[in-house]
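See structure below.
The values are calculated or read from the model by the stated rules, or taken from the named source; none is laboratory data. Please read all numbers here as calculations on a predicted model, not as lab measurements. Cβ: placed from backbone, ideal geometry, glycine included. Neighbour counts: every protein chain shown.
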Amino acid sequence: MRKGFLLRLRKWVSNLKRYRYFLYQIIKTKFVVRYAQSLLGVVWVVLEPMLLVITLSVIFSVIGRRGLPGVPFPLFFYSGVLIWRIFADSLTQGTRTFIEDRSLIRKIDYPRWLSLLSRLSVTFLDFVFANVAFICLLVYYKVHPTVNWLYIPAVLGLQLFISFSIMLIFATVNVYVRDIGRISSVLSTIWFFFSGIIFYFPYEGKTKLIFYINPIVGIINSYRRIILFGEAPMLEQLYSAFAACVLFFAAGVVIYRKYSRNFLDVL
């Protein structure tokens, strides 16, 4: 079983190399189309979270609540929402990928999971552009880089892997059960309030359990530890994230291999 999994993984890597130019063209097309008819274009990637930060900052100042003691709320919220948007897009937009790419799937024979990878790549580009405003906030609040910032790619890579695995499951099932699209949207809304984006969840007492149930909490908290405090992430806070990587990806591969063969008949 382990040998078969490694062979499939090697085949995926081989296909990624073989179709790299094709993947690049899909990513480029999706990114351009996404903002083609928008007046402000990619600027919205920065404006949306900034407007949300301003709104919540005003609300929290009125009710006297703060996200994390000693940390300005704009920094606290923005550092969480940036990572969250990658996950949220995986649940909502990623779920519709195969449906939206059905014309391409019908015309061209290629590994269908590349459509998911292209969608995730566009989401990552949004993340990169959104970081422009976050960097400005870091400069304004005089947060300086430390050597522990080198952990950022590892934490971000973990997040992207989980996101891709979830996309693989939801997008595949959504081809056959279109209700999955609505479910993913509702799930994303509920999940938002249990991920420590607005309210701080300390790694102690009753809230410690959340870190083991929700893998996104550990990732967001690790991101904040690295960026805001210059500290290395706590490995124990990422246990559920590592477990989610293995479980979601394994389940995604099984579901995708079983049902992607009949995509042409259903789409």
May I ask you to list pairs of residues, at least six apart or on different chains, whose Cβ atoms are under 8 Å apart, with the first in region 162-176 being in contact (Cβ under 8 Å) with a residue 12 or more places away in the chain and the second being charged (D, E, K, R) and surrounded by fewer than 23 Cβ atoms within 10 Å (Cβ to Cβ)?
163/89; 171/96; 174/96
Within region 212-267, how many residues are acidic (Asp, Glu) and in contact (Cβ under 8 Å) with a residue 40 or more places away in the chain?
1
Go through region 185-199 and give me each residue that's part of a loop (DSSP other than H, G, I, E, B) and either surrounded by 22 or more Cβ atoms within 10 Å (Cβ to Cβ) or modelled with pLDDT of 85 or more (or both).
195, 196, 197
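Restricting the search to region 64-76, which residues are at pLDDT 85 or above and surrounded by fewer than 22 Cβ atoms within 10 Å (Cβ to Cβ)?
75
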The lone exception for residue 144 - which of (1) in a helix (DSSP H, G or I); (2) closer than 19 Å to residue 68 by Cα; (3) not acidic (Asp, Glu) it fails:
(1)
Since residue 182 meets every condition but one in (1) under 13 Å from residue 94 (Cα atoms); (2) touching a residue at least 12 places away in the same chain (Cβ under 8 Å), which condition does it not meet?
(2)
In region 138-169, which residue that is over 14 Å from the mean Cα position of the chain (by Cα) and among the aromatic types (Phe, Trp, Tyr) is farthest from residue 214 (Cα to Cα)?
140
Filtering region 255-267 down to residues that are modelled with pLDDT under 90 and among the hydrophobic types (A, V, I, L, M, F, W, C) yields 263, 264, 266, 267
Determine which single condition residue 84 fails, assuming it passes every other condition in (1) of a type outside the set (Gly, Ala, Ser); (2) under 25 Å from residue 201 (Cα atoms); (3) modelled with pLDDT under 85.
(3)
Return the total of residues in region 200-234 being of a type in the set (Phe, Trp, Tyr), buried (at least 19 other Cβ atoms within 10 Å of the Cβ) and modelled with pLDDT under 90.
2
Output the residue which, of all residues in region 87-102 that are among the polar types (S, T, N, Q), modelled with pLDDT of 85 or more and assigned to a helix (DSSP H, G or I), is farthest from residue 224 (Cα to Cα).
97
Assigned to a helix (DSSP H, G or I), in contact with a helix residue (DSSP H, G or I) (Cβ under 6 Å, 6 or more places away or on another chain), among the small types (Gly, Ala, Ser) and within 30 Å of residue 19 (Cβ to Cβ) - does that describe any residue in region 77-84?
no
For region 222-252, what are the residues that are farther than 21 Å from residue 78 by Cβ and among the hydroxyl-bearing types (Ser, Thr, Tyr)?
239, 240
On the basis of being farther than 25 Å from residue 92 by Cβ and assigned to a helix (DSSP H, G or I), does residue 168 make the cut?
no
Residues of region 153-180 being surrounded by fewer than 17 Cβ atoms within 10 Å (Cβ to Cβ) and not aromatic (Phe, Trp, Tyr), which ones?
153, 154, 157, 177, 178, 179
